[in-house]
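The values are calculated or read from the model by the stated rules, or taken from the named source; none is laboratory data. All figures in this text were calculated on a predicted structure; none of them were measured in a lab. Here the Cβ positions follow ideal geometry from the backbone for every residue, glycine too, while neighbour counts run over all protein chains shown.
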Amino acid sequence: MKLVLAALNTKYIHTSLSVRCLYASVKDICQCVLKEYTINDSLDSIAADIYAQSPDAVAFSCYIWNIDMVLKIASVLKKSNSRLVVILGGYEVEFDSENILKLNPQADAVVRGEGEITLRSYVSYLQNNADATSLCGVTYRRDGQVIYTPDCTLCADMDELPFVYDDTIDQFKNRIIYYESSRGCPYGCTYCISGETRRVRFRSVDRVINELKFFMEHSVPLVKFVDRTFNANPKRAKEIFKFIAEHPSDTKFHMELAGDIIDDETIDILSNVKKGTLQFEIGVQTTNPHTMKAIDRNISFDKLSRAVTKLLKPGNIHIHLDLIAGLPHEDLTSFKNSFNEVISLRSHVLQLGFLKLLKGSKIRLHEHKYGYVYRDWPPYEVISNDFISYDDILELKMVEEALERYYNSGAFVNTIEVLFEHCDNPYEVFYTIGNYFKRNYTSNYAFSKQALYDILYDCYKDRGTEFFEALKKDYLISFRPGKRPGWFDTHDDTLLAKAYELFKDEEFKKAHFPHYYDVPAKEILKHIHPERFSYGVLVFDYSYGTVHDVSGYLR
């Protein structure tokens, strides 16, 4: 029997961990081919490529971002070969597997739960015509009926699962690697499907460390842990953090953490990690205590705030915080408060997401309790509920766009900080910008990066010198000036000549620009730009991405 395992990722840079785990679990019992595509590939090209493999069965990994395309491809394949067995698996199909099969005749089976066990069970059944009573975790068609078999037991020992990467990892040098060191989540947030049992199973520390060494040795650029709460066991997390701190490399690791259980010992360990090695995603979701209770999320925002503040202080770890709009008991006023409290922590990124009523989540099972209205199709995003209207949601969408462009981009750090200093309500900063977009542009208007500076200037041009100079500084960090924007002040034509004379001074270069010590001043001017501000003169070094205050040398 020949089986094609197919994944449709959102982008080429992504890789699919799920199909690799499945491949490792069945490759010894059947001829197996692993294929990865993206949702941006054409439906016809994907169907043709799978068909060309002449498979007896094809298994798709199904999620909210690819389910529609998967079902269409499966339909084409089934019509081209009625004997082909189409198998579906993943979160988007397992929670209503019987309905999926009833509505989609092109699918023959849905494997539920941990695919390493359930897919292997079903493949053995197909290949050996085994007794159907041996099946578990599979919903399948038999004699015109849809049969739902009992759930399989979970894998008890995570170390029994194979490492799915080998020396072929070199082919993924420009792609993101996904890695799993634990399964499950200790939390039971009602909007999520990861903490249904509140049980977490871990790979051993020694096993994880050996596998991280493999990634480091192969110079993998980014490894994203898929663990729902990496530090669910704080002692174990500290051991792994300590290893990463003591073994600096060019590999970056992304992890999702529970922020309120990060203690000072962990922070001390993390303060010694090489800059750029770790990036953390910490879910806050809301600061409203009534909302936290309603979604079964028992965290301390005060403890989380203290931990995040301490983590940010050394400047070596990228911190990404999350908020969710549309949760119960969180009206627009409450959400603004959550937004302002969280953005005051000054994380590098603040992700403003919108509640998705996922299949299998408690909040979807009890959607009528809070009057939820949501999209009928993936990703099942909230439209309104008893606390927030669609008008409110649209306002937050507007704010989200401004937040992404002006805060999360990292290109306006100085300007945004100045605006925050003179505004008691940071939410209003992004509301003002978002409203400017709404009044002046269509929703799909494409902006150049330079145009975003012009727009921000138009929004706040009455804010005075401090705002203007912060915006100018941010602009010059991002762009070497050619044609200067219209809102720039008059260029000082004498400053470049003064800089030329200064960079002829070998002692000055040795002390402040040692990387240019042996470079002639004329050549250095091709790489730097001096600019005068009310508080002095800054030199922007575009080759090294640095800014230097030379006010003591240039007037």
### Query
Restricting attention to segment 76-93, which residues are in a helix (DSSP H, G or I) and either modelled with pLDDT under 95 or under 31 Å from the mean Cα position of the chain (by Cα) (or both)?
Y91, E92, V93
### Query
Of everything in segment 30-44 that's over 27 Å from S121 (Cβ atoms) and of a type in the set (D, E), which residue is surrounded by the fewest Cβ atoms within 10 Å (Cβ to Cβ)?
D44
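Yes or no, residue by residue, for (1) touching a Ser or Thr at 6+ places or on another chain (Cβ under 9 Å); (2) within 22 Å of S361 (Cβ to Cβ); (3) small (G, A, S):
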residue	(1), (2), (3)
G89	yes, yes, yes
D96	no, yes, no
N99	no, yes, no
L103	no, yes, no
D108	no, no, no
R112	yes, yes, no
### Task
For S249, state whether it is surrounded by 15 or more Cβ atoms within 10 Å (Cβ to Cβ), under 30 Å from N99 (Cα atoms) and not hydrophobic (A, V, I, L, M, F, W, C).
no
### Query
Among the residues of segment 298-311, is any out of contact with any Cys (no Cβ under 7 Å at 6 or more places or on another chain), at pLDDT below 95 and farther than 12 Å from V284 by Cβ?
yes
### Message
As an exercise: evaluate V539 against (1) surrounded by 13 or more Cβ atoms within 10 Å (Cβ to Cβ); (2) modelled with pLDDT under 95; (3) farther than 23 Å from Y406 by Cα and give the number of the one condition it does not meet.
### Response
(2)
### Query
Is it the case that some residue within segment 160-170 is at pLDDT 95 or above and charged (D, E, K, R)?
no
### Task
Among the numbered conditions (1) over 22 Å from Y63 (Cα atoms); (2) modelled with pLDDT of 95 or more; (3) among the polar types (S, T, N, Q), tell me where Q351 comes up short.
(1)
### Message
Considering only residues that are among the basic types (K, R) and closer than 20 Å to S194 by Cα, which ones fall in segment 294-347?
### Response
R297
### Task
Would you check if there is a residue in segment 517-536 being in contact (Cβ under 8 Å) with a residue 24 or more places away in the chain and part of a helix (DSSP H, G or I)?
no
### Message
Can you report the number of residues in segment 117-162 which are out of contact with any Leu (no Cβ under 7 Å at 6 or more places or on another chain) and in a helix (DSSP H, G or I)?
### Response
13
## Note on the structure
In segment 262-296, residues that are more than 21 Å from the chain's Cα centre (by Cα) and more than 30 Å from H247 (Cβ to Cβ) total 10
### Query
For D492, are the conditions met, namely being in contact (Cβ under 8 Å) with a residue 24 or more places away in the chain and closer than 24 Å to L452 by Cα?
no
### Message
For a quick check of your reading of the model, give me the residue pairs whose first member lies in segment 413-433 and is on the phi < 0 side of the Ramachandran plot, whose second is among the charged types (D, E, K, R) and assigned to a loop (DSSP other than H, G, I, E, B), with beta-carbon atoms closer than 9 Å and at least 6 apart or on different chains.
### Response
E417/R346; F420/R346
### Query
Quick one: in segment 201-215, which of the residues that are over 23 Å from P186 (Cβ atoms) and out of contact with any strand residue (DSSP E or B) (no Cβ under 8 Å at 6 or more places or on another chain) is surrounded by the most Cβ atoms within 10 Å (Cβ to Cβ)?
F214
### Summary
Counting only residues that are closer than 30 Å to T309 by Cβ and surrounded by 17 or more Cβ atoms within 10 Å (Cβ to Cβ), segment 349-382 contains a total of 7
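Rundown of residues vs (1) hydrophobic (A, V, I, L, M, F, W, C); (2) assigned by TED's automatic domain parsing to the domain that holds I343; (3) crowded, with 19+ Cβ neighbours inside 10 Å; (4) out of contact with any strand residue (DSSP E or B) (no Cβ under 6 Å at 6 or more places or on another chain), yes/no style:
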residue: V413; (1), (2), (3), (4): yes, no, no, yes
residue: H422; (1), (2), (3), (4): no, no, no, yes
residue: P426; (1), (2), (3), (4): no, no, yes, yes
residue: A451; (1), (2), (3), (4): yes, no, no, yes
residue: D454; (1), (2), (3), (4): no, no, no, yes
residue: Y460; (1), (2), (3), (4): no, no, yes, yes
### Summary
When every residue in segment 45-71 that is without any contact (Cβ under 8 Å) to a residue 12 or more places away in the chain and over 13 Å from L3 (Cα atoms) is compared, the one surrounded by the most Cβ atoms within 10 Å (Cβ to Cβ) is A48
## Note on the structure
Among residues of segment 143-172 being in contact with a strand residue (DSSP E or B) (Cβ under 9 Å, 6 or more places away or on another chain) and among the hydroxyl-bearing types (S, T, Y), the residue surrounded by the most Cβ atoms within 10 Å (Cβ to Cβ) is Y165
### Query
Can you spot a residue in segment 57-72 that is assigned by TED's automatic domain parsing to the domain that holds G144, in contact with a Phe, Trp or Tyr (Cβ under 9 Å, 6 or more places away or on another chain), basic (K, R) and not in a loop (DSSP other than H, G, I, E, B)?
no
#### Entry: Matching residues in segment 354-410 - criterion: being closer than 30 Å to K473 by Cα and assigned to a loop (DSSP other than H, G, I, E, B)
S409, G410
